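Here is the structure we will look at, set down as structure tokens.
The values are calculated or read from the model by the stated rules, or taken from the named source; none is laboratory data. If you're wondering where the values come from, they're calculated on a predicted model, not measured in any experiment. FYI the Cβ positions are ideal-geometry reconstructions off the backbone, even for glycines, and counts take in every protein chain you see.
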Amino acid sequence: MTTCPNCGQETSGANCQWCSFPLLRRTPVIHRRIQAAGQAKKARLAEEQVEIEAREKARQETDEAKKARQTEEQAKKQAEIEAKEKAKQEAEEAEKVRQAEIEAREKTRRDIEEAKKALEAEIAAREKAEQEAEEARLAKEVEEQAKMQPGKRPNRKRKRPGWLKKLRSKLR
């Protein structure tokens, strides 16, 4: 039994038996169908909204991942550039040190050569002085022997002093 919407009496059939007002029996079914269709539409819209939000979230995540990758690549490139610069500076410093060592060795070699030359010059001067002294001594001996024995020649064999041999062995 249904209640008449017009008079409020309980009645049955297609029309109210008290006031003859047409009764809509199928109204609750139609309302349920409309409500079900509305709920289905709402559910579909909600699913679409969730799907749109999921796509948007995925797009944002991919954008963030892309930005993170770009930042990481940029940091890696910067680190490589810094490493190359540091290696270049170290190579330049090593080259400077190597050049300084070469120059120091060259200077030492020149100093040694100059010292050898000076030593050789000193030896040559001493030898010359000794030779001159020996010649003067021999000349004196010859004069003395010539005065003593007019027909004999003097012995002209020359001896080298021991310090001269030692000095020459140091140079070699």
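Hey, any hits in the range 98-113 for a residue that's small (Gly, Ala, Ser), surrounded by 10 or more Cβ atoms within 10 Å (Cβ to Cβ), modelled with pLDDT of 90 or more and assigned to a helix (DSSP H, G or I)?
Initial filter on the range 98-113 (small (Gly, Ala, Ser)): 100, 104.
Next cut, surrounded by 10 or more Cβ atoms within 10 Å (Cβ to Cβ) only: 100, 104.
Pick out the ones that are also modelled with pLDDT of 90 or more and you get 100, 104.
From the residues that got through so far, the ones that are assigned to a helix (DSSP H, G or I) too are 100, 104.
Scanning the range 98-113 turns up at least one residue that is small (Gly, Ala, Ser), surrounded by 10 or more Cβ atoms within 10 Å (Cβ to Cβ), modelled with pLDDT of 90 or more and assigned to a helix (DSSP H, G or I).
So is LYS116 part of a helix (DSSP H, G or I) and modelled with pLDDT of 90 or more or not?
Spelling it out, LYS116 is indeed part of a helix (DSSP H, G or I) and modelled with pLDDT of 90 or more.
Which numbered condition in (1) charged (D, E, K, R); (2) in a helix (DSSP H, G or I); (3) at pLDDT below 70 is the only one that ARG153 fails?
Result: ARG153 fails condition (2) only.
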